[in-house]
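The values are calculated or read from the model by the stated rules, or taken from the named source; none is laboratory data. Treat the numbers as computed from the prediction; the structure is a model and nothing was measured. Don't worry about glycine lacking a Cβ; one is built from the backbone with ideal geometry, like all the others, and counts go over all protein chains shown.
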Ligand SMILES: Nc1ncnc2c1ncn2[C@@H]1O[C@H](COP(=O)(O)OP(=O)(O)OP(=O)(O)O)[C@@H](O)[C@H]1O
Ligand SMILES: [Mg+2]
């Protein structure tokens, strides 16, 4: 997709307070997620500067590798930091890393079938039909195999966690790569070989 990323990046840093405090956000273990617009989702990494750098770099790099290998992840657009941006005088620039990616607009969390029947209707978040649940499950195993074949270890993404299903596209997305890693250290060369120099690991 053609995007004017430069404009988006400037806009995000200039209005970050608004996005975080006045919009809809999802607070997770590694960051704060908000939707920039209909097409772009932003994940602002939190934690110590080292943690933030590591998690954001890993998610950006691994999602890029996955996307290039036709694994179903939101397309990663860029990893930005506020020191790259010329802020107006007086604006505070704490180090911040933000990943911009494709927004899975109609993405639904797949409900955990083990307790699905016992959930009150309003808590069946995804409310997906049996047919869609079947598609989601099939894709989950297919995609996971492809990810493993790249040498990537995934411990935190199940059908009910860190994935979103789009009924419109009939597609399951793995949305969170921050805690994935290569099982074999040699694979780091692959990672570093595919990513811009400033984002390389080691
Ligand atoms: N590309 C995306 N499109 C639409 N929604 C998204 C996207 N990425 C993240 N989200 C929303 O933000 C939530 C948190 O995202 P994510 O899992 O990446 O953050 P996290 O900090 O790792 O959170 P957690 O600790 O819950 O795993 C998701 O459950 C989802 O609702
Ligand atoms: Mg997550």
Exercise. Regarding residue 74, is this residue within 12 Å of ligand 1 (Cβ to nearest atom) and either out of contact with any strand residue (DSSP E or B) (no Cβ under 8 Å at 6 or more places or on another chain) or in contact (Cβ under 8 Å) with a residue 40 or more places away in the chain (or both)?
Worked result: yes
Problem set entry | Subset tally (residues that are modelled with pLDDT under 65 and loosely packed, with under 15 Cβ neighbours inside 10 Å) for region 125-160 | 1
Exercise. Restricting attention to region 166-185, which residues are more than 14 Å from ligand 1 (Cβ to nearest atom) and in a strand (DSSP E or B)?
Worked result: 181, 182
Exercise. Among the residues of region 12-27, how many are in contact (Cβ under 8 Å) with a residue 40 or more places away in the chain and either within 19 Å of residue 57 (Cα to Cα) or touching a strand residue (DSSP E or B) at 6+ places or on another chain (Cβ under 9 Å) (or both)?
Worked result: 3
For this session: Please specify each residue of region 29-48 satisfying the condition of being within 14 Å of ligand 2 (Cβ to nearest atom) and free of Cβ contacts under 8 Å to residues at least 24 places away in the same chain.
Result: 29, 32, 33, 46, 47
For this session: Check whether at least one residue in region 78-95 is at pLDDT 95 or above and part of a loop (DSSP other than H, G, I, E, B), and report yes or no.
Result: no
